[in-house]
1. Would you mind getting the accessible area per residue of region 463-504, heavy atoms of the protein chains only, 1.4 Å probe, in Å²?
2. Let me check against my output: what whole-number percent is the relative contact order of the chain, with C-alpha pairs under 8 Å and at least 6 apart?
3. Rounded to the nearest 10 degrees, what's the angle between the helix 440-455 long axis and the longest principal axis of the chain, both from Cα atoms, 0 to 90?
4. Taking all protein chains together and a probe of 1.4 Å, list GLU160, GLU107 from the most accessible to the least accessible.
5. If you take the charge dipole of region 174-218 about its Cα centre, with +1 on Lys and Arg Cβ and -1 on Asp and Glu Cβ, which of CYS217, THR182, LEU196 is farthest toward its positive end?
6. Report ³J(HN,Hα) in whole Hz for each residue of region 147-160, in order, from the Karplus equation J = 6.51 cos²θ - 1.76 cosθ + 1.60 where θ = phi - 60°; Gly and Pro get x.
7. Taking the solvent-accessible surface of protein heavy atoms with a 1.4 Å probe, what is the per residue accessible area of region 205-323 in Å²?
8. With unit charges on the beta carbon (Lys/Arg positive, Asp/Glu negative), name the residue among GLN494, PHE79, LEU173 whose Cα is farthest towards the positive pole of the charge dipole of the chain.
Amino acid sequence: MSAEPNPRTLEVRLEVSGIRKQFPGVVALDNVSFRLRAGEIHALLGENGAGKSTLIKILTGVYQPDEGEIRLDGTPVRFASPRAALAAGISVVHQERNLIPQFTVAENILLERIPTRGVQLVDHAAINRLARPWMDMVGVEAAPATPVAELSVAQMQLVEIAKALSLQAHILLMDEPTAAITPHEVGYLFRILGELRRRNVAIVFVSHKLEEVFELCDRVTVLRDGRNAASDVEMATINRDRLVTYMIGRAEVIAKLPPKPPAGEAVLEVAGLTTKGGDGALSLVLRRGEVLGLYGLVGAGRSNLAKTLVGEIKATGGEVRVRGAVTHIASFREALEKYRFGYVSEDRKEEGLILLHSVRANTSITIWRRLRLLGQWIARSIEDAAILPSLRELDVRSHSLSQSVGTLSGGNQQKVSIAKWLAAKADILIIDEPTVGIDIKTKNALHELIWDLAAKGKSILLISSDMPEVIRLSDRILVMRNHAIVGELPNDHQYDEMSEAIMARLS
């Protein structure tokens, strides 16, 4: 399916020219131009670190440009704050969720215009009533009064989208809106965006999923290294190879993964495991040097299983054996220090990393107890010596170990979230959605990294809702649906046959 034809001469709503933005040690944007028309969906593409999010933050008043001009409906503007951009009719769904966990779903959606009664008393009944249509529009199934902290990552993303739509802006900027939601929810969202396009809303769509871009978008602008690699190109005039070349400077090459030693002895055995998270009678075996894929849609219960194995969710029945011994893991610390588990969370920004802290602190946090000298003191030289081998092995790109993790690209953030477990000498790695929000080139690099770790003897439970990823990397594939494992498949890495077999287990 391709983007809807739009033969009209469309009015330019937003135009930027000559935009430059520099941070200490790096030029994020250099002479960037961009044009957005009413009634179109315009893709903004590029690798992690290409400057997409920086441009969106300039358009919404989070950052101020060092040079260049922004025009809104032909008039030069400069937004001093996000509120000023909102007042001008520009709404945004950020890649980093911007919700208040302690507030309810309805309160988050209507945060900019909370209804009151009497002497400024909050009218909770009105909040719930007014939020409900927006919740229904994007498919949020929770009650309006549910605290956001109780939602899954996918449901939080839908609330973020509902919040942006509720503002009824003329310009809607969407930064990776589909990264954490199911294919069913993506279809729902695309229908909504198509309707907004028909209502003449101008939409910017940022995504690493090129199949979505070709399905949805009318035009594309590509940034590479902070500069325009392509500007205002009609989607109907290019193909995937040309688009990838714009993004990474060459055609896409997916190298065949090299042979690795056969899997060894069982290191993790799960039999009849039931959990407080609702999982029932789950059984699996993970072997040394194996990548065991766990495929299922968001909400199938995969992350509940992972968190039970590392002690975050309590098991209510069944048996877990690690290296042949029955275990009852009660905490992350015990999982790591006693059983050498590592867990790379699907939500690296909220659970996997401390974004304001340095690369050094994020990588060494798992081994602080081991490195302490004389009470609480850790020698910097000893800390660096302990973490540098892992950072070098994963080729983490940072200006220094003191650089804030939040300023790294998404791919380098994910590498740091893996490096901390390698520094801790974890032998069993549970990696949940490893490439969400990651660009094409970095995704391939992470795939090769995971494969190489298994070849070196690490045992990896790979959780993913990306079917090509699971088929490329896994030795065996478990299929999960409705908190149950509904199939186990040997993997011959032939996509057509394997995808058909997986879908048969899900139907």
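1. Details: 1880 Å² over 42 residues.
Counting only protein heavy atoms, the per-residue value for region 463-504 is 45 Å².
2. 15
3. Long axis of 440-455 versus the principal axis of the chain: about 0 degrees.
4. Values: GLU160 5, GLU107 30 Å².
Putting GLU160, GLU107 in descending order of accessible area: GLU107, GLU160.
5. It is LEU196.
6. x, 4, 4, 8, 8, 6, 4, 5, 5, 4, 5, 5, 5, 4
7. 43
8. The residue sitting most towards the positive pole is PHE79.
The values are calculated or read from the model by the stated rules, or taken from the named source; none is laboratory data. All figures in this text were calculated on a predicted structure; none of them were measured in a lab. Here the Cβ is made from the backbone with ideal geometry for all residues, glycine too, and neighbour counts use every protein chain on show. SASA here: full protein model, heavy atoms, side chains in, ligands and nucleic acids out. Shrake-Rupley method; radii C 1.70, N 1.55, O 1.52, S 1.80 Å.
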